[in-house]
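Heads up, the thing below is written out as structure tokens.
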Amino acid sequence: MSLNFNSKGYLHETIALTYEEFVQHFGTNQQRMEQIQNSLPYFRIFHSCGLRIVYVDGSFVSKKKFPEDIDICFDISGISEEKIKSIFPKFLDVNERGRIRRDLKCHIFTFTQEDTELFDRLNTDRDDYPKGLVILDLNEILNHDQK
């Protein structure tokens, strides 16, 4: 599958990829592969909370050779804060999320269907031009990871 990018290097539209396709297209060097590997524990955590998909955003899903981090976004609608805290106790700790971003180069975002402002902003670049995201199936990732 070939991907279409705009003149700024971002995806033209949001697309669903398998984990294998994602790694093939975006795991193109050691730094990118480390960022993907660093995001896997958070895929597992949010999957265990009952979530089924993750959106990957930012320069990681662009043509940029060495993105600063991988932006992962989860729709936590219908998941109680208590459930998330019981599985991921440090989720609401701003310092811990900052450490994850700084040390693991993994930037975690969440949104709900009641408040999609953040998610809506992810669909445009800094200059307000539209860009696409990558949708990954958490079940498929975890099954692939166990192989």
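Taking the criterion of being within 15 Å of the chain's Cα centre (by Cα) and in a helix (DSSP H, G or I), the residues of the range 36-56 that qualify are ILE36, GLN37, ASN38, SER39, LEU40, PRO41, TYR42, PHE43, ARG44, ILE45, PHE46, HIS47. Does VAL23 count as in contact (Cβ under 8 Å) with a residue 24 or more places away in the chain and either part of a helix (DSSP H, G or I) or within 16 Å of the chain's Cα centre (by Cα) (or both)? No. The test for being under 27 Å from GLU20 (Cβ atoms), in contact with a Ser or Thr (Cβ under 9 Å, 6 or more places away or on another chain) and at pLDDT 85 or above does not hold for ASN139. Only one entry of THR18, THR14 meets the criterion of being under 27 Å from THR112 (Cα atoms) and surrounded by 16 or more Cβ atoms within 10 Å (Cβ to Cβ), and that entry is THR14.
Among the residues of this structure, MET33 counts as one that is assigned to a helix (DSSP H, G or I) and over 23 Å from GLN113 (Cα atoms). Residue-level check: of (1) touching a Ser or Thr at 6+ places or on another chain (Cβ under 7 Å); (2) modelled with pLDDT of 90 or more, THR112 misses just (2).
A single member of PHE43, PHE111 is touching a residue at least 60 places away in the same chain (Cβ under 8 Å) and more than 17 Å from ILE15 (Cβ to Cβ), and it is PHE43. Restricting to the range 90-122, and then to whatever is within 13 Å of SER39 (Cβ to Cβ) and touching a Cys at 6+ places or on another chain (Cβ under 7 Å), can you tell me which residue is surrounded by the most Cβ atoms within 10 Å (Cβ to Cβ)? Out of the qualifying residues, it is ILE100.
The values are calculated or read from the model by the stated rules, or taken from the named source; none is laboratory data. What you see is a predicted model; the values in this text were computed from it and never measured. Positions of Cβ are backbone-derived with ideal geometry, glycine not excepted, and every protein chain shown enters the neighbour counts.
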